[in-house]
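Everything on this sheet refers to the single structure shown next.
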Amino acid sequence: MAGLASPLSRRILRPLQGSGRIREGSPEIAGAAGASCRPWDDGPACARPCIAHSPLVAEQALARGRWVKLIGGASNQDLAAIEDLAGLYSLAGVHCLDLAADQAVVAAARRGIAWAENQGAARPWLMVSLSDGADPHFRKAWFDPTRCPPSCPRPCARVCPALAIPTPIGALGAGAGSDSGSGVLAERCYGCGRCLPACPLGLIEERDHNLPPDQVAALLVELCPDAVELHTRLGRAEAFAERLAQVCSSGVPLRRLAVSCGLESAVSAQGAGVSPELPTPEALARELWQRHEQVLHTGLAPLWQLDGRPMSGDVGAGTARAAVRLLAAVAPLAPPGPLQLAGGTNDRTLPLVQRLDPDLQRAVAGVAFGSVARARLQPLLLQAQGRGGRLLDQPDLLPLASAIARELVGPWLARD
Ligand code: SF4
Ligand code: SF4
């Protein structure tokens, strides 16, 4: 644990800063977040040095603090949306797509990536998420709609950001949830939990959506991801080691092993009697050092995801503070490896990072966008689905969709 006292500046290396292919501050970059760059028209022949056509490779982006990951959702199985999001955010220049460990989800994402590559985009890493135990990211809501009073004003449906609870309740049409008898479209639900307290009758329950241990290795062989993310909590070092062993037994070569952890999940774990530790940044850092030893033992390279306020980036600007505060508290104590923000991240995250002490700013390897990235495109996704096609194939909607994706991602790609 000697590393707990390591000076922040000793563990932060950004040797490539200022020497990249992207021309910071150039008119092309400004245009890339707006309407002047049209890669879907120009295709591979376009040679303009814009963000969409010159993404840093993933490791360079981590080293420069410009890494951007799209979180599709660890339990999100909305295949139509995943395909469109994968295509649009790949075209926008993200370095990684973080998805549910599910064959159909990964196949949908690969179709979206192939579309983006045809437009001249670089192929992002494909990461799948697993957990070493109970975790809100790996759950789905469920309720029996026959128990709902007809007079209920359905607050559950109003609060659901994924439109996973149809109105009228029980009106599950084509593509409805595979969990028959549920009032929730299981494929769309990504476990945010907002509907749980919304029901005045307490009818909504959460159901675990975690992968059984004996399925991990075979599934990874089938999916062949570039990276795996393990969600963990304080007090779960043993469970983490077991999950990590299952991942390694697959033999799939991984570029990074991401570890996702935060203080909010620590509070939940403590409430469940799982963790004996107070949920402090120091306690989290100690656990990260434990995970560091475990990951290093496997020969994998870690990537630390600091999960501020999970699955809340679409709620409002204020949610961005949690992840940045967590970074500021944990970075001086954290083990070696890139630190990436997540949980409540949105377009307020970068301005908050830019207010930090310079050493802390340099500690930020990048960001992951989840619910905000999905919510911003949701109206266009629904419009395309209403026409029975992909958003990627709608020439009248595509320019706006692409601009929305690049508006969120672009400032991080061009970060100083
Ligand atoms: S509110 Fe969240 S947990 Fe509830 S159904 Fe919608 S996505 Fe699932
Ligand atoms: S709020 Fe509760 S009772 Fe009302 S529709 Fe939703 S699940 Fe049913």
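Structure notes:
- Residue match in segment 346-362 (condition: over 22 Å from Leu88 (Cβ atoms) and in contact with a Lys or Arg (Cβ under 8 Å, 6 or more places away or on another chain)): yes
- The lone exception for Thr167 - which of (1) touching a helix residue (DSSP H, G or I) at 6+ places or on another chain (Cβ under 7 Å); (2) at pLDDT 95 or above; (3) under 22 Å from Arg374 (Cα atoms) it fails: (2)
- Residue pairs whose Cβ atoms lie under 6 Å apart, separated by 6 or more positions or on different chains, with the first residue in segment 180-195 and in contact (Cβ under 8 Å) with a residue 40 or more places away in the chain and under 21 Å from Pro153 (Cα atoms) and the second within 8 Å of ligand 1 (Cβ to nearest atom) and among the charged types (D, E, K, R), are Cys189/Lys140.
- Selection status of Leu234, more than 11 Å from ligand 1 (Cβ to nearest atom), touching a strand residue (DSSP E or B) at 6+ places or on another chain (Cβ under 9 Å) and modelled with pLDDT of 95 or more: no
- Note on segment 58-157: no enclosed strands (runs of 3 or more DSSP E) hold 3 or more residues that are of a type in the set (Ser, Thr, Tyr).
- Any hit, segment 350-365, residues being small (Gly, Ala, Ser) and part of a loop (DSSP other than H, G, I, E, B): no
- Residue check: Pro136 meets all listed conditions (1) away from ligand 2 (no atom under 12 Å from the Cβ); (2) at pLDDT 95 or above; (3) not charged (D, E, K, R) but one, namely (2).
- For segment 135-160, the set of residues classified as crowded, with 19+ Cβ neighbours inside 10 Å and touching a residue at least 60 places away in the same chain (Cβ under 8 Å) consists of Asp135, Pro136, His137, Phe138, Arg139, Lys140, Ala141, Phe143, listed by residue number.
- Top-ranked residue of segment 191-211 - restricted to ones that are away from ligand 2 (no atom under 13 Å from the Cβ) and in a loop (DSSP other than H, G, I, E, B), ranked as surrounded by the fewest Cβ atoms within 10 Å (Cβ to Cβ): Gly193
- Listed conditions (1) touching a helix residue (DSSP H, G or I) at 6+ places or on another chain (Cβ under 6 Å); (2) of a type outside the set (A, V, I, L, M); (3) under 19 Å from Gly112 (Cα atoms); (4) buried (at least 24 other Cβ atoms within 10 Å of the Cβ) are all met by Gln385, apart from (4).
The values are calculated or read from the model by the stated rules, or taken from the named source; none is laboratory data. As the structure is a prediction and not an experimental result, all values here were calculated from the model. Reconstructed Cβ throughout: ideal geometry from the backbone, glycine too, with neighbour counts over all protein chains shown.
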